[in-house]
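**Student:** Please find one structure pasted underneath; my questions will follow.
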Amino acid sequence: MSHDAGRGRGRAPRHPALHARRRPGDQSLHDPPRRQPARPARAALVPRSAVSLVRPPGDAEFAALTELAAEVTGPDRAGAFVRSYLEQHHLLVADRAGAVVGLLAYRTDWFQCTFVSLVSVRSDVRRQGVARELFRSVEEMSPSPRLFSSTVETNAISIQMHGALGFTPSGHIDNLPQGYRELLFYKALLPGRRR
């Protein structure tokens with residue numbers, strides 16, 4: 001009689017985390033509790049529970065958009081970048097309580113696919129779902145079933161965010177002026193997630 005671990009009759013399935021290998025720094029149930037370092041207080045300019053409204057940008061928001069874009073493109077390129085995407089109507093903003101807290105620029109002519117060229121979220125509201133809401137909006141309006149995005153290889157937070165949003169690595173581009181490799185990410189959009 002054979003015995004399949006985890007699939008035996010009358011036995012509950014085993015959780016995969018129970019069989020995962022321990023990595024250096026992991027704590028088991030038998031180790032004494034570790035003290036967690038105190039977390040710095042967040043600047044609470046916008047309530048954490050506030051939901052962002054994703055919308056096209058208003059005419060009077062150019063300065064706020066340029067400031068957000070400058071965090072990614074640098075201050076020298078931000079104004080021209082924002083102006084270009086405003087003219088194409090390919091900018092989305094995340095709005096909380098009347099303030100612009102996020103920006104996403106995209107294009108729909110990249111090899112007949114939708115490509116997110118920039119996403120930036122105000123530092124005091126990061127890790128609160130703002131980028132997720134911006135990406136969800138561009139997914140819903142994408143004319144293509146293929147969504148691409150990219151980030152530089154040194155941006156660990158963006159790489160982690162892309163994975164959390166369901167993107168998979170799709171390649172890289174070398175020899176760009178900034179000196180870093182640009183990583184490409186891909187996400188197949190389900191028919192109900194776009195127009």
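The values are calculated or read from the model by the stated rules, or taken from the named source; none is laboratory data. Keep in mind that this is a model prediction, so the values were computed, not measured. Using ideal geometry, Cβ is built from the backbone for each residue, glycine included, and neighbour counts are taken over all protein chains shown.
**Student:** Determine which single condition L118 fails, assuming it passes every other condition in (1) in contact (Cβ under 8 Å) with a residue 12 or more places away in the chain; (2) part of a helix (DSSP H, G or I).
**Tutor:** (2)
**Student:** Of the numbered conditions (1) in a loop (DSSP other than H, G, I, E, B); (2) of a type outside the set (K, R); (3) modelled with pLDDT under 50, A17 fails exactly one; give the number of that condition.
**Tutor:** (1)
**Student:** Against the definition (touching a helix residue (DSSP H, G or I) at 6+ places or on another chain (Cβ under 7 Å), in a helix (DSSP H, G or I) and either farther than 20 Å from P56 by Cα or without any contact (Cβ under 8 Å) to a residue 40 or more places away in the chain (or both)), how does V82 come out, yes or no?
**Tutor:** yes
**Student:** Give the stretch 157-167 a look and list any residue that's of a type outside the set (G, A, S), closer than 16 Å to R136 by Cα and touching a strand residue (DSSP E or B) at 6+ places or on another chain (Cβ under 8 Å), or say none.
**Tutor:** Within the stretch 157-167, H162, L165, F167 meet the criteria.
**Student:** Does T108 satisfy being surrounded by 21 or more Cβ atoms within 10 Å (Cβ to Cβ), touching a residue at least 24 places away in the same chain (Cβ under 8 Å) and of a type outside the set (A, V, I, L, M)?
**Tutor:** no
**Student:** Kindly state which strands (runs of 3 or more DSSP E) lie completely within the stretch 125-195 and contain at least 1 residues that are exposed (fewer than 15 other Cβ atoms within 10 Å of the Cβ), modelled with pLDDT of 95 or more and touching a Ser or Thr at 6+ places or on another chain (Cβ under 7 Å).
**Tutor:** none
**Student:** Is one or more of the residues making up the stretch 151-170 over 22 Å from A70 (Cα atoms) and touching a Leu at 6+ places or on another chain (Cβ under 7 Å)?
**Tutor:** yes
**Student:** OK, next. If S137 satisfies every condition in (1) farther than 24 Å from L53 by Cα; (2) touching a residue at least 60 places away in the same chain (Cβ under 8 Å); (3) not aliphatic (A, V, I, L, M) but one, which is the exception?
**Tutor:** Tallying (1) farther than 24 Å from L53 by Cα; (2) touching a residue at least 60 places away in the same chain (Cβ under 8 Å); (3) not aliphatic (A, V, I, L, M), S137 fails exactly one: (1).
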